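All remarks here apply to the structure that follows.
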Amino acid sequence: MGARRKYVRWVATFASATLPIAAWSAYYNIRNDVCREGARTAECGRFGAMESLACDLGLPSTLVLGSCRRAAGRYIFGFGVSKDFGRGLGLLRQGCIARFADEGACVMARSYYHDAFSQPHFVLMLSGPYQDATYQDWHRNLTGVRAEAQRRCADGHLVVSLHPARRDLVAGLCDDLPASQQAAEDAASNAALLKHACDAGRAGACLLQGTAVQLGIAGARDEFGATVLLRRACELGSDMGCEERNGTLHRLLEPAP
């Protein structure tokens with residue numbers, strides 16, 4: 001009988017501790033749906049501040065505190081707060097290289113790093129300079145490519161003169177060009193941080209650093225150096241690092257046979 005009473009007390013204690021947490025989790029997720037629908041309320045702002053703080057402290061992702069990825073999406077897409085792409089990308093990077101790394105944050109951060117390389121090239125490819133892109137086109141100096149893409153986007157007459165199907169694509173790419181520039185700046189300004197975290201054994205940091213070096217968005221392109229970094233990411237447990245190391249995502253940069 002004593003053991004049964006002890007078990008009942010334990011269940012009661014556990015329930016009293018977990019029910020408020022479960023209730024908060026349910027409330028938090030329901031109210032977040034309102035924020036994702038576009039409402040900008042003080043509550044949405046408080047959720048964003050709470051998630052950002054949890055991300056800054058390196059806490060693991062939970063349904064109670066949110067995650068770096070959720071906080072990032074809030075700022076990137078303007079879910080209940082003013083859009084701030086730079087802040088959102090920074091939160092993704094933090095989530096990717098944290099001790100309790102979020103693989104989803106790595107996926108998103110890496111995709112924005114890829115955009116920093118591909119979007120300026122696509123502007124040029126669709127608006128004329130190299131519609132039949134060659135290996136040499138994709139290996140042009142990225143700073144020059146980005147400057148030329150910005151000039152073409154600023155030339156409204158050029159965009160309007162394109163075929164309607166291309167016009168819409170180029171207009172969308174031009175709208176996203178500032179964000180791709182911010183992604184390149186993020187990679188460059190945080191190169192030392194990513195290197196330090198990679199050296200400390202953070203797979204996500206090796207992945208992001210390897211991606212930046214592979215594409216040349218933070219400086220000179222170094223395929224060999226990128227392979228070394230991606231191999232380390234793979235050895236530390238990053239599936240994406242293994243894919244990139246094995247060449248799955250290198251095909252665009254390979255010379256034509």
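Since every read-out is calculated from the coordinates, none of them should be taken as a lab result. Treat the numbers as computed from the prediction; the structure is a model and nothing was measured. In this analysis, Cβ positions are derived from the backbone assuming ideal geometry, glycine residues included, and neighbour counts consider all displayed protein chains.
Please give the FRET efficiency for HIS163 paired with VAL228, using the beta carbon to beta carbon distance and R0 = 45 Å, rounded to the nearest 0.05.
The computed FRET efficiency comes out at 0.55.
Using label points projected 7 Å from each Cα along Cα→Cβ, tell me how many nm separate ALA23 and GLU185, to one decimal.
In this crude spin-label approximation the distance works out to 4.6 nm.
If packing is taken as the average number of other Cβ atoms within 10 Å across a peptide's residues, how do 86-97, 145-156, 234-245 rank, most packed first?
Per-residue mean Cβ counts within 10 Å order the peptides as 86-97, 234-245, 145-156.
Measuring from the lowest to the highest alpha carbon on each principal axis, how far does the stretch 110-253 reach, largest first, in angstroms?
The Cα atoms of the stretch 110-253 stretch 51, 27, 22 Å along the principal axes, largest first.
With the Cα gyration tensor of the stretch 24-129 in hand, give its eigenvalues times 5 under a square root as the equivalent ellipsoid semi-axes, listed largest first in whole angstrom.
28, 17, 10
Could you check how many percent of all C-alpha pairs in the stretch 136-175 are farther apart than 17 Å?
Every Cα pair in the stretch 136-175 considered, those over 17 Å come to 34 percent.
Suppose R0 equals 30 Å. What FRET efficiency, 1/(1 + (r/R0)^6) with r the Cβ-Cβ distance, do ASP175 and ASN246 give to the nearest 0.05?
After rounding to 0.05, the efficiency reads 0.35.
From zero outward in steps of 5 Å, how is the percent of C-alpha pairs of the stretch 81-129 spread across the bins?
Pairs per bin, as whole percents: 5, 20, 20, 18, 15, 11, 7, 3, 1, 0.
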